[in-house]
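Read the structure below first, then the notes.
The values are calculated or read from the model by the stated rules, or taken from the named source; none is laboratory data. Treat the numbers as computed from the prediction; the structure is a model and nothing was measured. We place every Cβ from the backbone using ideal geometry, glycine too, and count neighbours over all the protein chains shown.
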Amino acid sequence: MSRTAKFLLLVIFLILVPVQSISAVPYISSKYYCLVDAQSGQIILSHQPHEQRPVASTTKMLTAILATEYCDLQETATVSPHADRTPEYTIGLRTGQQVTVGELLKATLVRSSNDAAVVLAEHVAGDELFFSYLMSKKACLIASGNTYFENASGLPSKNHYSTAFDLAQIGRYCLQYDYLRELVASKSVEFKHPGYRKPITLTNTNGLLVSFPGADGIKTGTTNAAGKCLVASATRQGRQLIAVSLKSGDRQGDCRRLLEHGFNKTRLIKIVDSTQVIKEISLGEIPGYKLQLYAGKDVHIWQGEGKLNIEKQVIVDYNPSLPVKAGQKLGSLTVWSDGQIIDTVALISDKTVYSHYGWLERWGAVIRNWLLNTV
């Protein structure tokens, strides 16, 4: 075969080979990242999202959550010697100074001040170590259980870790609180420092807030062990996404590309239709009769250019007692995508079914009620 012919065959091959797998995923410098839909928690795009990693100051999202749940924003906390000695970055709080919880949350989330985080921890739990225990328990409730914290600030510690997925879920939870949602979206805030006569301006460490349209959170983190980390959120046309990049060579660029991919390259598809029969079951009391079961609601999922790996698990009561009422739950349908539960919905009957003696049951009830009401 001539060289020209080989070249033409190569060109034809390149044209015919689909490029979807190349273009479907944007370049991400991190090995540990995920993109999550903020409403459902569904992972849209990820790589090693459950790998346990040091996560630096992204820890402070959970510190802020617990402080908000345990305290009033106007409560006053006192700076301890332990908090005073907290390593950088700090806001310069000194032993004996008093600051409100609301102000401490500003310094913790907006400027990532380690000393402010420790003051919050000690105010809530009396001790940072016990507060860390509460953090780990809370993380188990919020996320997948791959998070364990040993301090409130995210300073390096041997057994202090989380994952990209867990941080995305913690970020989702954090955004449920109005005050925290307002803080993480703020480009800057005024902080009433007890050591100054006038408030000082704190600039948010999250640069995406000024460079990415729709950006509204959440938290940065940097240590030598963790590298540069970012939990970023953005909202466009009512849809909010959360991107996480750990140990990144370009955390802002990574999250920007993930968010753009989510907004521009994904669409919402229906994977469970509540008008379609999911299962038919026989009724032992009525030979030959098939009762049709439907999902209690539609289930949707966000899909990109790649193929989704969808699994469905159906659990059904195959021997229900009659009568069966319309809308009665007779089972459940759980939908999985790439190992993650998307939703669990009830399987319900589409109609009311009585036994062969149904007319006797109905009239018996009428007569019984009449007798009770006339005695």
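Counting only strands (runs of 3 or more DSSP E) that sit wholly inside region 287-351, those with at least 2 residues that are of a type outside the set (K, R) and within 19 Å of the chain's Cα centre (by Cα) are 299-303, 329-337, 340-349. Return a yes/no flag: does region 104-111 have any residue that is part of a loop (DSSP other than H, G, I, E, B) and either out of contact with any Leu (no Cβ under 6 Å at 6 or more places or on another chain) or over 13 Å from L66 (Cβ atoms) (or both). Yes - at least one qualifying residue is present in region 104-111. Scanning region 171-180 for residues that are out of contact with any strand residue (DSSP E or B) (no Cβ under 7 Å at 6 or more places or on another chain) and assigned to a helix (DSSP H, G or I), we see that the one that is surrounded by the most Cβ atoms within 10 Å (Cβ to Cβ) is L180. In this structure, does T223 turn out to be surrounded by fewer than 23 Cβ atoms within 10 Å (Cβ to Cβ), more than 20 Å from the chain's Cα centre (by Cα) and polar (S, T, N, Q)? Considered against the rule, which asks whether it is surrounded by fewer than 23 Cβ atoms within 10 Å (Cβ to Cβ), more than 20 Å from the chain's Cα centre (by Cα) and polar (S, T, N, Q), T223 comes out as yes.
Looking across region 188-208 at every residue that is in contact (Cβ under 8 Å) with a residue 60 or more places away in the chain and buried (at least 20 other Cβ atoms within 10 Å of the Cβ), the one that is farthest from L167 (Cα to Cα) is identified as F191. Within region 150-174, the only residue that satisfies the criterion of being touching a His at 6+ places or on another chain (Cβ under 6 Å) and either at pLDDT below 95 or more than 27 Å from Q240 (Cα to Cα) (or both) is E150.
Selection of region 74-100 for residues being buried (at least 23 other Cβ atoms within 10 Å of the Cβ) and assigned to a helix (DSSP H, G or I) yields only A83. For region 236-254, state whether one or more residues are assigned by TED's automatic domain parsing to the domain that holds A77, buried (at least 19 other Cβ atoms within 10 Å of the Cβ), β-branched (V, I, T) and within 18 Å of the chain's Cα centre (by Cα). Yes, region 236-254 has at least one match.
To keep it simple, each residue is scored yes or no on (1) touching a Lys or Arg at 6+ places or on another chain (Cβ under 7 Å); (2) modelled with pLDDT of 90 or more; (3) surrounded by 13 or more Cβ atoms within 10 Å (Cβ to Cβ).
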{"site": "V272", "(1), (2), (3)": "no, yes, yes"}
{"site": "Q276", "(1), (2), (3)": "no, yes, no"}
{"site": "I286", "(1), (2), (3)": "no, no, yes"}
{"site": "A295", "(1), (2), (3)": "no, yes, yes"}
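Looking at S211, S282, S233 in this structure, which one is buried (at least 21 other Cβ atoms within 10 Å of the Cβ) and either at pLDDT 95 or above or outside the structural domain of F165 (by TED's automatic domain parsing) (or both)? Step by step, each of S211, S282, S233 is checked, and only S233 is buried (at least 21 other Cβ atoms within 10 Å of the Cβ) and either at pLDDT 95 or above or outside the structural domain of F165 (by TED's automatic domain parsing) (or both). In the set (1) crowded, with 22+ Cβ neighbours inside 10 Å; (2) more than 28 Å from I341 (Cα to Cα); (3) in contact with a strand residue (DSSP E or B) (Cβ under 9 Å, 6 or more places away or on another chain), A185 fails one condition alone, (1). Within region 310-327, track down each residue that is among the small types (G, A, S) and in contact with a Gly (Cβ under 7 Å, 6 or more places away or on another chain). Matches in region 310-327: none.
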